[in-house]
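Taking it in order: structure first as structure tokens, then the write-up.
The values are calculated or read from the model by the stated rules, or taken from the named source; none is laboratory data. Because the structure is a prediction, the values reported are computed rather than measured. Note that each Cβ is placed from the backbone with ideal geometry, even for glycine, and that neighbours are counted across all protein chains shown.
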Amino acid sequence: MTFEQAKDYLLQKARAMGLEAEVLATETREMSLSAFEGRLEEITQATQGGIGVRVVVEGKVGYAYTEEKTPEALDWVMQEAYENALLQGSGGGFIPAGSALGRHDLLGEGLSAPLEEKQAAALAVEATLRQDARVRQVPRTAYQEQEVQVVLGSTQGASGGYRTGVSVLMGSAILSDGGAPKQSWNVDVDREFHALEPGKTALELIERTARLLGARPLKTGKYRAYFEPKAFAQLLGVISFMFSAKNVLEGKSLLAGKVGEKVASDLVTVVDDPTLPGGIASRPFDAEGTPARRLVIIEKGVLKSFAHNSETARKMGVEPTGNAQRGYKGVLGVGHSNLFLEPGSGVRLEDGIVVTEMMGLHAGANPISGDFSLQALGLKLEGGEVAYAVENFTVAGNLLALLQNVSAVGEKLEWEYWGMALGAPMVEVAELSFAGA
Amino acid sequence: MLSETLVGDVLSRARLGGADYAELYVERWRRRSLRMLSGEVKEAASGLEYGAGLRLIYGTEVVYAYTNDLSAESLLELTETLVKLKGRVGQVDAQGRGGLDFRKQAARGLHAPEVPLSARDRRYRVERLLEAETAARVAPEIKQVQTQLLEWEQEVLVATSEGRWVEDRRVRTRYVVTAIAQGEGGMQTGSFGPGLSVGLELFDHHPPSVVGRKAGEQAMTNLRAKPAPAGTMPVVIGNAFGGVIFHEALGHLLETTSVAKKASVLSDKLGEKVASPCVTYIDDGTTPHGWGSSEFDDEGLATERTVLIENGVLKSYMVDRWGALRTGLRPTGSGRRQDYTFAPTSRMRNTFIAPGDTPKEKLFEGIEYGLYAKDMGGGQVKPGSGEYNFGVKEAYIIRHGRIEEPVRGAMLVGKGPDSISKIVAVSSDLETAPGMCGSLSGSLPVEVGQPHLLISEIVVGGQA
């Protein structure tokens, strides 16, 4: 049975049971080529997929999914989803009225290249890394690609699908110039295999790691902070939790009730844009079939809108923003696509700390309280010049206070990929707490 | 889950194609999850996951493929693709030509649940979570309580070209209570999440009334807490989830995944002193009903109790098949993977610091000013540099040897070998706690654990 057939089977079954239902299937083809010591050490090839339903019984919502596409498994899915729905106390759930959404291809020929070229790319990253005498080990370099087909259908008329995918080149290296070693990663993601440059991935990794060698402890104190683009993008990923209308409605967002209010510095404009041409997380419609559109979340410091799915939008009396999120295994949520901080007029380096990298975001940043305390690596600036690298310290504060204290924003956007695409330029924050020696 | 003939055909074909070793991993999961918020079921979901992973090893090179189409045609086609992908035909011995004579081993049910997934109706689960929520509402400031229940049932088959045929069944249950307190201190959280390789009897081992109250009280403590101090100071780390420090600062550095590539700062150090003499560190895959226990690992080897560090001296790494091939060390039953979409690598199971002999109270004596990190969140490490961190969920200031006011929002950071040598005393109150560990072969259930212990100095990442 194909996913298309499984979708039709489930929708028919739902109609027969008198249920409203929405079916989402994804099918992924994946390949990964890892190089080690000049050979392809690990090759992975896969096809994998699953299908999940959201059913509504008198306003109550239930979920179930399967990766096995036999009639028995699909029957089990409908029965489980139905019984799960009956557990909900209050109603109010619904499947939104949908329309024909068409078939879209966002990937095109992006991954079309002979296997040999992809193998060569993985090997080239490793070879380039090993040319540098300071590189002591290259634990992992890999080329990976993923092609994803998404199919959506509902008893309320939604029907459509799209094909998307990415190619990824990554490396990890341990460098030492005789002293304590430093380890870093570099990951480059693109829709087009031919846009990836193995030499660039490797050299950037060396440069980013080498500048941290010979790092010294940092004296505890307050410093001006300069977040490099990818470091700030990670923070934006944590902050995005507060933009979700689902989290607002569940009493988990510090931004609840603040639409129209000033929540950040004038220099802060945050946009989520699923229509971005070439955007890694671009999509034609969201998980409920709401067409994609650009959403301004914060404009010049003022909170303009939360991100909504149809359910949160109805509860808050606004229009859905096309931010419904659901994988076949998951439940209806709110998510972002290409979320970014708009570039500004530039940052001038003075005295302070350049934060090049942060670690432990899942443990050290609490998006509900907004408190963060994160392990960081960086460079000590004196008179606008890098004086030395610093290590074994943390940077701490509150995420909302941080947004309010942004004192300059850089001109060039860089992207990180964390399930969603996160973009940021360099960001200067007037003063932050650093803990170290 | 699959016929012996089909499994035999796949493995033989792989061997004929030149692989030294072939391994087929087949699994079926049934999962249920339930999330409640403010007395109402927000989401209830059920899932069926089903797939196979085929791994071929040529020397130390690995080819892996996975699919969830488990028909004979699909699996044989997959094997052909893999063999062609490698593009090389190697030596074929007699074993590879004929049918395989599987030596079958089945799980003995050492971690079998008393109350299986199919038992008790859904209302029973909702009622237990409601009990936890009620218990979490310890004060009017508790504005929101979220409870989540996860039930996993996994059937596994591992068959190899060496004739191994292992079937295992793993049942795990966990629930997490998160309380949100709101007041002048802003919005603060507290959470507890017990989990074991058991069924619904988890609610008897960890009563909702106790777990809920702990979450509520932690949120209230954090609400009245001031920001943590910043700087280097002595820290007493609490037991149970406190063990996450060793998971990050030592455990990951002892997996052959890093060690075999000399990508760990603890590579080539067997027999050497790597920690202070009061540290004995054990990774035990056999703990009855442990969150990270299983009878067999995901390469089909029986799990075992592995002493990693004894009185400060490195005794063993955690070794999977690939690690054994690269290092010549004996496999320790540590090959694990999230599911069929990952090839296995060496991973931790239930890892803990053995009890010491310092009375807990003695740890605090003599500390003029320091931090008591009572409960911890997750952490992260870079094996190549040993730099690690972990978040503190509940902490107090130690002043003149006494535990005083609560503080919040601190991460502790260090460099593995350095700070491990600064562990100067270990008490005897060992407890363990469940967590999820993310690494190369996916996200896995592991236990961490330790008694209370004292680190003479470490960076506390509060606010200056």
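If you check B:Gly401, B:Gly414 for being of a type in the set (Gly, Ala, Ser), farther than 26 Å from B:Arg305 by Cα and surrounded by fewer than 21 Cβ atoms within 10 Å (Cβ to Cβ), only one passes: B:Gly401. Screening segment B:243-260 for residues that are modelled with pLDDT of 90 or more, within 14 Å of chain A (Cβ to nearest Cβ) and over 14 Å from the mean Cα position of the chain (by Cα) and picking the one that is surrounded by the fewest Cβ atoms within 10 Å (Cβ to Cβ) gives B:Ala260.
Restricting attention to segment B:177-218, the residues that are closer than 25 Å to B:Gly290 by Cβ, assigned to a helix (DSSP H, G or I) and touching a residue at least 12 places away in the same chain (Cβ under 8 Å) total 11.
In segment A:224-252, the qualifying residues are those that are touching a Gly at 6+ places or on another chain (Cβ under 8 Å), assigned to a strand (DSSP E or B) and crowded, with 24+ Cβ neighbours inside 10 Å, and the one that is farthest from the other protein chains (Cβ to nearest Cβ) is A:Tyr226. Return yes when B:Ser267 is surrounded by fewer than 24 Cβ atoms within 10 Å (Cβ to Cβ), closer than 30 Å to B:Glu61 by Cβ, of a type in the set (S, T, N, Q) and over 19 Å from the mean Cα position of the chain (by Cα) and no when it is not. In short, yes.
Each residue in segment A:62-92 was checked for being more than 7 Å from chain B (Cβ to nearest Cβ), crowded, with 20+ Cβ neighbours inside 10 Å and either in contact with a helix residue (DSSP H, G or I) (Cβ under 6 Å, 6 or more places away or on another chain) or assigned to a loop (DSSP other than H, G, I, E, B) (or both), and 3 of them qualify. For the condition within 26 Å of the chain's Cα centre (by Cα), assigned to a helix (DSSP H, G or I) and surrounded by 20 or more Cβ atoms within 10 Å (Cβ to Cβ), A:Ala122 qualifies. Criterion applied to B:Val448, B:Val407 was being in contact (Cβ under 8 Å) with a residue 40 or more places away in the chain, closer than 21 Å to B:Thr280 by Cα and more than 9 Å from every other protein chain (Cβ to nearest Cβ), and the one residue passing it is B:Val448.
Just to be sure, is B:Arg123 under 22 Å from B:Arg30 (Cβ atoms), in contact with a Pro (Cβ under 6 Å, 6 or more places away or on another chain) and either within 14 Å of chain A (Cβ to nearest Cβ) or part of a helix (DSSP H, G or I) (or both)? Answer is no for this residue. Screening the candidates A:Leu24, A:Leu11, A:Leu33 for the property of being of a type outside the set (S, T, N, Q), over 30 Å from the mean Cα position of the chain (by Cα) and assigned by TED's automatic domain parsing to the domain that holds A:Glu147 yields one hit, A:Leu11.
So which of A:Met358, A:Met426, A:Met420 ends up being within 24 Å of A:Phe241 (Cβ to Cβ), touching a residue at least 12 places away in the same chain (Cβ under 8 Å), of a type outside the set (S, T, N, Q) and in contact with a Lys or Arg (Cβ under 9 Å, 6 or more places away or on another chain)? Step by step, each of A:Met358, A:Met426, A:Met420 is checked, and only A:Met426 is within 24 Å of A:Phe241 (Cβ to Cβ), touching a residue at least 12 places away in the same chain (Cβ under 8 Å), of a type outside the set (S, T, N, Q) and in contact with a Lys or Arg (Cβ under 9 Å, 6 or more places away or on another chain). Could you tell me whether A:Ala97 is farther than 15 Å from A:Gln144 by Cβ and in the same structural domain as A:Glu147 (by TED's automatic domain parsing)? The answer is yes for A:Ala97.
Between A:Gly333, A:Gly419, the distinction of being modelled with pLDDT under 95, under 22 Å from the mean Cα position of the chain (by Cα) and over 23 Å from A:Asp266 (Cα atoms) belongs to A:Gly419 only. Of everything in segment B:23-41 that is charged (D, E, K, R) and touching a residue at least 60 places away in the same chain (Cβ under 8 Å), the residue that is farthest from the other protein chains (Cβ to nearest Cβ) is B:Glu23. Of all the residues in segment B:125-139, those that are over 26 Å from the mean Cα position of the chain (by Cα) and charged (D, E, K, R) number 4.
Residues in segment A:40-85 that are in contact with a strand residue (DSSP E or B) (Cβ under 8 Å, 6 or more places away or on another chain) and small (Gly, Ala, Ser): A:Ala46, A:Gly49, A:Gly50, A:Gly52, A:Gly62, A:Ala64, A:Ala73, A:Ala81, A:Ala85. I want to confirm something. Restricting to segment A:154-203 and keeping residues that are more than 14 Å from chain B (Cβ to nearest Cβ), without any contact (Cβ under 8 Å) to a residue 60 or more places away in the chain and not in a strand (DSSP E or B), which single residue is nearest to A:Ala421 (Cα to Cα)? Only one residue tops the list, namely A:Ala195. Scanning segment A:275-316 for residues that are among the β-branched types (Val, Ile, Thr) and over 26 Å from A:Gly93 (Cα atoms) returns A:Thr275, A:Ile280, A:Val296, A:Ile298, A:Val302. Anything in segment A:1-41 that is part of a strand (DSSP E or B), within 19 Å of A:Ser99 (Cβ to Cβ) and among the charged types (D, E, K, R)? List them, or say none. Hits for segment A:1-41 are A:Glu20, A:Glu22. For segment A:127-153, the candidate set comprises residues that are crowded, with 19+ Cβ neighbours inside 10 Å and within 12 Å of another protein chain (Cβ to nearest Cβ); within that set, the residue that is farthest from A:Gly179 (Cα to Cα) is A:Ala142.
Just one residue in the set B:Gly386, B:Gly335, B:Gly292 is buried (at least 21 other Cβ atoms within 10 Å of the Cβ), among the small types (Gly, Ala, Ser) and within 23 Å of B:Asp20 (Cα to Cα); that residue is B:Gly335.
Taking every residue in segment A:315-331 that is β-branched (Val, Ile, Thr) and pairing it with any residue that is assigned to a loop (DSSP other than H, G, I, E, B), at least 6 positions away or on another chain, the pairs with Cβ-Cβ distances below 7 Å are A:Val318/A:His308; A:Thr321/A:Ser305; A:Thr321/A:His308. For B:Arg15, the test of being buried (at least 17 other Cβ atoms within 10 Å of the Cβ), on the phi < 0 side of the Ramachandran plot and part of a strand (DSSP E or B) is failed.
All conditions in (1) among the hydrophobic types (A, V, I, L, M, F, W, C); (2) more than 17 Å from B:Gly442 (Cβ to Cβ); (3) within 14 Å of another protein chain (Cβ to nearest Cβ) hold for B:Val313, with the sole exception of (3).
In the set B:Arg108, B:Arg169, B:Arg164, only one residue is charged (D, E, K, R), away from chain A (no Cβ under 14 Å) and surrounded by fewer than 15 Cβ atoms within 10 Å (Cβ to Cβ); that residue is B:Arg108.
Taking the options A:Phe36, A:Phe3, name whichever one is at pLDDT below 95, over 23 Å from B:Leu48 (Cβ atoms) and within 14 Å of another protein chain (Cβ to nearest Cβ). Within the list A:Phe36, A:Phe3, the selection yields A:Phe36. Of the strands (runs of 3 or more DSSP E) entirely within segment A:330-437, those holding at least 2 residues that are within 14 Å of chain B (Cβ to nearest Cβ) occupy A:352-359, A:371-382, A:385-398, A:427-435.
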